[in-house]
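These notes concern the structure reproduced below.
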Amino acid sequence: MAIAVILGSGVMGSALAVPLADNGHDVRLVGTHLDRAIIDAIRATGVHPGLNRELPASVRAYQLEELEGVIEDAEIVLSGVNSVGVEWAAERLAPLLRPGQLVITIAKGVRADEIGDLRTLPEVLAEPVPADVRERVGWAAIIGPSIAGEVAARRDSCVVFCGRDQSVVDRLAAAFRTDWYHVWTTLDFVGGEICAAAKNCYALGIGFAEGQLERGGEAAGPDRAHNYEAALFAQSAVEIRQWASLLGGDPDTASWLPGVGDLYVTSTGGRNVRAGNLLGAGLSFIEAAERLGNPTLEGASAITVFGDALGKLTDRGVVAEDDFPLMRHLYEVVGLQRPLNIPWTRFFGGEPTGRVASA
């Protein structure tokens, strides 16, 4: 039995307590400063209010100020905060981690420096940890198609644990793996994380299709926009593969669960897709975000980072102007507030020109 501490009691962090608890581990769920009501609710009723489901009785809930006391003897530390909170989590964990602990993260996104070079969020999480400790901690991340409610409900789910040390990802996989939570591993840490970040961006774009139908007054008609969605999905898969390669990862990682698998499940629903629907219907990004109540939209945040970085990487000659046409347009729509106008003819290396004239 291992002791596992989860920092962040949002839906995904809390859902991941379920396979750990099913395997008999001592699970300590610690809320952030934003999670006080969630922790109070779990303590009072055992039910997570976001998941609307009772957590296993062996999962114990703690407020943030109790973190130091519960993490000291932990073997596994899971950072369950989203991409917006990674720097905050890094500062909280940095003085508390000790050599030999295994740290695994679920946040999906990227950061870029002033010249456009991109970094993965596990790198950001590890950065403030003292070097002598950082080098002796096992770092990993969970990627692949995983909806929190389905994990909490023990629906069959297939995910990938990625890291740089096979023994680390194997130990973590064994801790989480059940007969319904199926875990593969990969040492393509960078490629896996880039897939995980990019798919949120492209899923938002796939959401344009439904909005376009609504804008044209055809939302209730028999003919859907699956052709539109399929083309965007295919171009997204092409670009995710290119992103993985550009950052030094294995492009083939995009071809299975971390890439197209996760893109599929993310494009079927969620806040990013709903934002895409509203953009497709003609709203600006600011209007769409306001309509949704200004939630955290990891896809939109990542689009801004990827898109801004693309301009700098193009200026430096790292990428060609014709590369990543869909991500460039997502950035125009989300980051620069320009009208939606999908660049279809630039997809898949460019549409061949010429038509046969009618008789």
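Given R0 = 35 Å, the distance between the Cβ atoms of GLN63 and GLU123 translates into a calculated FRET efficiency of 0.75. Extending 7 Å from Cα along the Cβ direction at SER255 and again at ALA230 yields two label points whose distance is 2.1 nm.
Here TRP184, TRP344, TRP139 are placed in order of increasing Cβ neighbour count within 10 Å, fewest first, which gives TRP344, TRP184, TRP139.
Among the trypsin sites (Lys or Arg not before Pro) found in the stretch 308-359, those both in a DSSP coil and sparsely packed, with 10 or fewer other Cβ atoms within 10 Å of their Cβ, are ARG355.
How large is the Kirkwood hydrodynamic radius of the stretch 198-349, counting all unique pairs of alpha carbons, in Å? Result for the stretch 198-349 stands at 15.5 Å. Rg over Rh for the stretch 3-187 works out to 0.94, both radii taken from alpha-carbon positions and Rh defined as the Kirkwood radius. Annotation note: GluC sites (Glu not before Pro) in the stretch 266-333 located in DSSP loop regions with a Cβ neighbour count of at most 16 within 10 Å are GLU321. Along each principal axis, taking the top coordinate minus the bottom one, the Cα set of the stretch 40-108 gives 35, 27, 20 Å in descending order.
For the pair the stretch 130-184 and the stretch 3-79, the centres of their Cα atoms are 17 angstrom apart. The ellipsoid that matches the Cα gyration tensor of the stretch 138-189 has semi-axes, each √(5λ) in whole angstrom, of 20, 11, 8, with the longest given first.
For the stretch 284-359, the Cα-based Rg and Dmax, in that order, read 16.0, 55 Å. Report the antiparallel proportion of the DSSP beta bridges in the chain as a percent, rounded to a multiple of 5. Roughly 25 percent of the DSSP beta bridges within the chain come out antiparallel. Helical content of the chain, expressed as a calculated mean residue ellipticity at 222 nm, amounts to -12500 deg cm²/dmol (DSSP H runs of 4 or more residues, -39,500 (n - 2.57) each, divided by residue number, nearest 500).
Averaging the sequence gap over all C-alpha pairs within less than 8 Å and six or more residues apart, then dividing by the number of residues, gives the stretch 3-187 a relative contact order of 21 percent. Charge tally around ALA225: other residues with Cβ under 15 Å, Lys/Arg +1 each, Asp/Glu -1 each, net -3. Would you indicate which of (1) 0.96; (2) 1.11; (3) 0.99 is the value of Rg/Rh (Cα atoms, Kirkwood Rh) derived from the coordinates of this structure? Correct label is (3). In terms of other Cβ atoms within 10 Å, TYR202, TYR331 run from fewest to most in the order TYR331, TYR202. Listed by Cβ neighbour count within 10 Å, with the fewest neighbours leading, GLU218, GLU229 appear as GLU218, GLU229. Across the stretch 95-179, counting alpha-carbon atoms alone, Rg and Dmax equal 14.7, 46 Å.
Computed from the coordinates by the stated procedures, all read-outs in this text should not be read as laboratory data. Since this is a predicted model, take the numbers as computed values, not measurements. Glycine also receives a Cβ, built like all others from the backbone with ideal geometry; neighbour counts cover every protein chain displayed.
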